[in-house]
Amino acid sequence: MRAKAFWLILVALGLGTKRHWHILVAILLGVILGVYLPYPTLAAEPDSYFFIHEFFNIVGQLFIRLITMVVVPLVVSSLIVGVSSLGDSRQLGRMGGKVLVYFLLLMTISAFLGAGLALGLQPGENLQQNLLAQANVSSVIQQLQQAPHTDLQTLFFNMIPRNPVESLANADLVPVILFTLFFGAAIASIGEAGKPLINFFEALFTATMKLTDWVMIFAVPGVFSLAFTTVAKSGVGIFSDLWLYAATILAGLLIQMLVIFPLILKVFAKINFTNLYRAISEAIMVAFGTASSSATLPITIACMERRAGVSNRIASFVLPTGATINKTGTTMFEVIAVIFLLQAYHIQLDAYSLGMIILFSIIASIGAAGVPSAGLITIAIVLNSIGKFQMDYLAGGMALLWSLDRVLDMCRTVVNVMSSCTVAALVASSEGELNRDILNNHDAWTEVV
Ligand code: ASP
């Protein structure tokens, strides 16, 4: 009876209200259904819900494909519009410097907070050692082997495109952004001659945003399917073994969301965080559903421009760069995950190693792409910074992290997106380009999706 009432309330909530409520209800329903209709735990077992799983798997993947399809043209057009409207290269340098300082500030705070929590709560200290031995090691080694190079030098060189068209075709956003920044600055510097190109990219930007609106029609079934298949696949059992590890990460992410960002917004720009978070609610939910800040980017831009009152010039410059390099949630995750591994294997952690973990977690999270599990792969960079660990030695622990990563990834992606929106709002405010009448007036907001 109670369960029935619960379902009825959820359905009633879902109907008749705004689209962001629909998405929230879709996530909740997806999670509930995922608990009830799990995938078999052993690969050999038959899947009794095969058709349901397959169907929603396809719907979820379709949604991700559709939004990802918009990302490359959007990043290029929005950055060129943003950069060329900044005018001369001195303005670009000033603005770029400001944005970078904010990004680094947030990531540094996040890394220290993560270290404090991991050392205080000690999530890996009393881990049952048999869990490490039982973990499914072969799949993690295979996944890590498929991952792109994770040494620092390669990471650095990969930022500079050998051929921008190749980077575009591979959707490698960091080199694409670097090239686009320079290209936008070059267009701005040639004055009148660059006008046709600016007009072209402005039109491309507007058309891509229109496409985003169309794709977002599928947000409700898409996010429902993603939440359902994720929970059905990962189950909830793993949380009971690793609950302290998950709780440490979630506590850190919540502190960022509810204390750090609000404080910074208040102190630097007198912005009430509830208004900003309401404005970007769809982006938050899509980030949660897709675990990809790149895929969420089109919705993030739409929310920030249409609801948060951030000018197009700032949004189109800060948000694409943020989605690629500003990953506060990932930074914190990397710090906690590495300290967890060291604790689980009883490896001594001295002050020097701790410093290296903090520094390299920032670097590794900058290097992580805005796609699912990217942060988990770049953990290798942090581990390398404190000594060469044999992959086989830590593989059990890595496999454990892998087994519960998706849900944590969804949560840290939300923080990544929020953090870039926070920086966009701060920069807009300091440049006098934040329209507070729009941000504070919820009734005037247009539907984003
Ligand atoms: N999924 C995250 C993002 O897209 C990156 C990560 O931490 O894995 O922002």
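Ranked from the most accessible area to the least, with a 1.4 Å probe and all protein chains present, what is the order of HIS442, HIS346, HIS53?
Most to least solvent-accessible, the answer reads HIS346, HIS442, HIS53.
Can you name the helices of the chain, as whole DSSP H runs, whose Cα span along the helix axis is 15 Å or more and whose Kyte-Doolittle mean is not below 1.6?
19-36, 50-85, 173-189, 243-255, 351-367
Quick one: putting +1 on the C-beta of Lys and Arg, -1 on the C-beta of Asp and Glu, what dipole do you get for the range 215-325 around its Cα centre, in Debye to the nearest 20?
About 360 debye.
Once R0 is set to 22 Å, what does the formula 1/(1 + (r/R0)^6) return for the Cβ-Cβ distance between ASN272 and PHE112, expressed as a FRET efficiency to the nearest 0.05?
0.30
Let's test the formula: R0 of 51 Å, r as the Cβ-Cβ distance of THR206 and LEU42. What FRET efficiency results, to the nearest 0.05?
About 0.50, to the nearest 0.05.
Could you compute the longest span of the chain free of trypsin sites (Lys or Arg not before Pro) located in DSSP loops and having at most 10 other Cβ atoms within 10 Å, not counting the site residues? Show your work: numbers first, answer last.
On the way: sites that count: ARG162, LYS270, LYS388.
Longest stretch, sites excluded: 1-161.
Could you provide, to the nearest whole Å², the per residue accessible area of the chain with probe 1.4 Å? Walk me through the numbers before you get to the answer.
Working: 20010 Å² over 449 residues.
Computed with neighbouring chains in place, this is 45 Å² per residue.
Could you give the length gained on full extension between LEU104 and ARG436, defined as 0.36 nm per residue of separation minus the Cα-Cα distance, in nm?
116.9 nm
Contour minus end-to-end for VAL259 and GLU54, with contour as 0.36 nm per residue of separation and end-to-end as the Cα-Cα distance?
Extra length available between VAL259 and GLU54 comes to 69.8 nm.
The values are calculated or read from the model by the stated rules, or taken from the named source; none is laboratory data. Just so it is clear, the model here is predicted, and its values are computed rather than measured. Reconstructed Cβ throughout: ideal geometry from the backbone, glycine too, with neighbour counts over all protein chains shown. Areas reflect the complete protein model, heavy atoms only, side chains present, ligands, DNA and RNA absent. Shrake-Rupley method; radii C 1.70, N 1.55, O 1.52, S 1.80 Å.
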